[in-house]
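Heads up: the structure comes next, in structure tokens.
The values are calculated or read from the model by the stated rules, or taken from the named source; none is laboratory data. Keep in mind the model is a prediction, meaning the values are calculated, not measured. Here the Cβ positions follow ideal geometry from the backbone for every residue, glycine too, while neighbour counts run over all protein chains shown.
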Amino acid sequence: MMQQVISSWRGYLELTKPGVQALLFVSCISGMLIASDFKPPIEVFIFGLLGVSFLAASSAVINHIFDQQIDAKMERTASRPIVVGEISNKQATIFSIILYTLGSWMLLYFANPLTWVLTTLTFIFYGFIYTKYLKFMTSQNIVIGGLAGAMPPLLGWTAVSNTIEPNALLLVLIVMVWTPPHFWALAVHRVEDYAEASVPMLPVQKGVDFTKQHILLYTVLLFVCTMLPYAVRMFNEIYLISAVILGSIFLYYSIKLYRDTTNSYAMPTFAYSLIYLALLFVAMLIDHFLYL
């Protein structure tokens, strides 16, 4: 019995995409701390973060429900809980509703209606519009869908400030431009999986070489975008130096992948992109704290 409980708990946790949640926490917390000069109201900090996380988790569960037939065809996702029958569609739907309801209550009661509206729109866009339709309409699906994943810094910002400010939108821009090279590197590595599942990812539609070229181009664009917060004096020299170093390493991986005929640099590039984004936000926090 205990083994079944543990297995079921792990299955529900997997439905929330905990890896994505970890990046959400980092970027959302950064938005909260920067907007409040490291003095967010404690209840807003805790429950605002949980509220955003719960709604993101709810949309992730919906993504699992809609994608189960695709997931069954892909090696990377074939063992997901709904695919293998560990959790039923009904159970997943109820779980998603509970997460959305609790998260909405937290945001409305402890944060503000603006944050709830923005988070709900993100929930609808990713969980339904992107997952059900946009993903299959164009090879630029990741570019479009990246907007949903880029929202957490803004949501954290609005949770403590109740305003949408240009500096917060710069953080959204950085994450949005980061998303294509991040996911396309994985898509290059898993191109056969996506082709088997008939998902029109860029390497499936336009070829691996074309995709690697665009990974490099977007990495250059990302490097430029990360200079903007320094240019508008949102951050200072600590951030600038960190962004240059981290961006240069990302460029190194992208160039190696572009020149690699075996695509062996696809997963290292993907892995570094995760480290890159986390460290970039850490650099923002350190810089902002030291220059208060």
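Take S198 and decide whether it is surrounded by fewer than 22 Cβ atoms within 10 Å (Cβ to Cβ), touching a helix residue (DSSP H, G or I) at 6+ places or on another chain (Cβ under 9 Å) and under 19 Å from Y272 (Cβ atoms). Judged against the criteria, S198 is not a match. Among the residues of the range 1-32, which ones are among the polar types (S, T, N, Q), part of a helix (DSSP H, G or I) and at pLDDT 90 or above? If the condition is that a residue be among the polar types (S, T, N, Q), part of a helix (DSSP H, G or I) and at pLDDT 90 or above, then S27, S30 are the ones that fit. N263 versus (1) under 22 Å from the mean Cα position of the chain (by Cα); (2) in contact (Cβ under 8 Å) with a residue 24 or more places away in the chain: which is the lone unmet condition? Checking N263 against (1) under 22 Å from the mean Cα position of the chain (by Cα); (2) in contact (Cβ under 8 Å) with a residue 24 or more places away in the chain, the one that fails is (1). Among the residues of the range 155-170, the one identified as out of contact with any Ser or Thr (no Cβ under 9 Å at 6 or more places or on another chain), closer than 16 Å to L33 by Cβ and either aliphatic (A, V, I, L, M) or crowded, with 20+ Cβ neighbours inside 10 Å (or both) is L170.
Is there a residue in the range 91-112 that is surrounded by fewer than 22 Cβ atoms within 10 Å (Cβ to Cβ), of a type in the set (S, T, Y) and under 16 Å from G156 (Cβ atoms)? No, there is no match, as no residue in the range 91-112 is surrounded by fewer than 22 Cβ atoms within 10 Å (Cβ to Cβ), of a type in the set (S, T, Y) and under 16 Å from G156 (Cβ atoms). If you go through the range 190-236 and keep only what is within 19 Å of the chain's Cα centre (by Cα) and assigned to a helix (DSSP H, G or I), you end up with L202, I215, Y218, T219, L221, L222, F223, C225, T226. Of the helices (runs of 4 or more DSSP H) that lie entirely inside the range 47-160, those containing 2 or more residues that are under 30 Å from H189 (Cβ atoms), small (G, A, S) and out of contact with any Leu (no Cβ under 7 Å at 6 or more places or on another chain) span 141-149. Selection of the range 113-130 for residues being β-branched (V, I, T) and either buried (at least 22 other Cβ atoms within 10 Å of the Cβ) or under 21 Å from M32 (Cα atoms) (or both) yields T115, V117, T119, T120, T122.
Just to be sure, is T219 within 26 Å of F123 (Cβ to Cβ), of a type in the set (S, T, Y) and at pLDDT 95 or above? No, not satisfied. V220 - would you say it is under 29 Å from N263 (Cβ atoms) and either among the β-branched types (V, I, T) or outside the structural domain of D260 (by TED's automatic domain parsing) (or both)? Yes, satisfied. Against the test of being in contact with a His (Cβ under 8 Å, 6 or more places away or on another chain) and surrounded by 15 or more Cβ atoms within 10 Å (Cβ to Cβ), the options A266, A243, A283 yield a single qualifying residue, A266.
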